[in-house]
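A.B. asks: Let me give you the structure first, and then I'll get to my questions.
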Ligand SMILES: [Zn+2]
């Protein structure tokens, strides 16, 4: 008999994480089967953590079991090119959403029938934004693509795509990191943290995964644990080549602001920050002058009332010669969400800091 679960988990995810055969995993696995150091604590504090994803519930019918339910679609993306073609299947081709959900009754995913109300909602929202010229938050115009350029209608289909790749390459930290982002954007920080933990298990220098774990743990109120992963961001950024220079700087800046939130005052933060020889061992020894990284906090000018004010400190943790565009990285899942992912916070952060003054 199927078990009712408000938040379902893909049995394939459990199978890959635990290295157990899929036949050993129940059709609707309980959360206790999810491995990971932080998963349980994040689940416990889940109401605190998932507020970052707006609640946009819509009625959907599961075509596998016939049951209806309200599910959080998250951000809807409409591919206007497909939408305007008005062919037989234009709606199917045009519509995407990034909320992660599975049927509460049978745990299947991706077999959804969209309600008439949702279709009307999308049409009216698009009409409203066309007539007023004001973009509506709930719907973005464009496509959401996976890191390898694939397009899926439901986040659970994109998840399946990542999991199939991970069956082939279970040790690929980069794919685990992308999968973690997909869960995070889809409103499932518990699944996200499990994926990010798996990522750093395979690559302890996966800077973005440390950043994301730090972010999730901070929201879950686990400050000390968050601080240790955010510190790893600063230590590993020097060699990280998956982001372009400006995104890496924004990620480091956001990291420093999160650490400042944890420590509350600048002197305590500066004391906690990793120093040169932790980043490049031996760099302070006299026989390695060409590798010297100077972290002289007193000489840099930091201003905390705007996001960019932290750049001089962030730049200390970057390789000064690093300026290449990230190779072979097309886009993260959900372009709208992730392009300028760290930049998006820029405005928010600046506002927050201004308020504090
Ligand atoms: Zn169902």
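A.B. asks: Which three extents, in whole angstrom, do the alpha-carbon atoms of segment 1-124 cover along their principal axes, largest first?
C.D. replies: Here the Cα extents, ordered largest to smallest, are 46, 33, 24 Å.
A.B. asks: With 5 Å bins from zero, work out the P(r) of segment 1-47 over every alpha carbon pair and list the percent per bin.
C.D. replies: Percent of Cα pairs in each bin: 5, 21, 28, 24, 16, 6, 1.
A.B. asks: If I take the Cα coordinates of segment 126-253 and project them onto the principal axes, what are the three extents in Å, biggest first?
C.D. replies: Its Cα atoms span 49, 35, 30 Å along the three principal axes.
Taken together, the values in this text are just the output of simple stated rules run on the coordinates, not laboratory data. On a predicted model such as this, the values are computed, not experimentally measured, just so you know.
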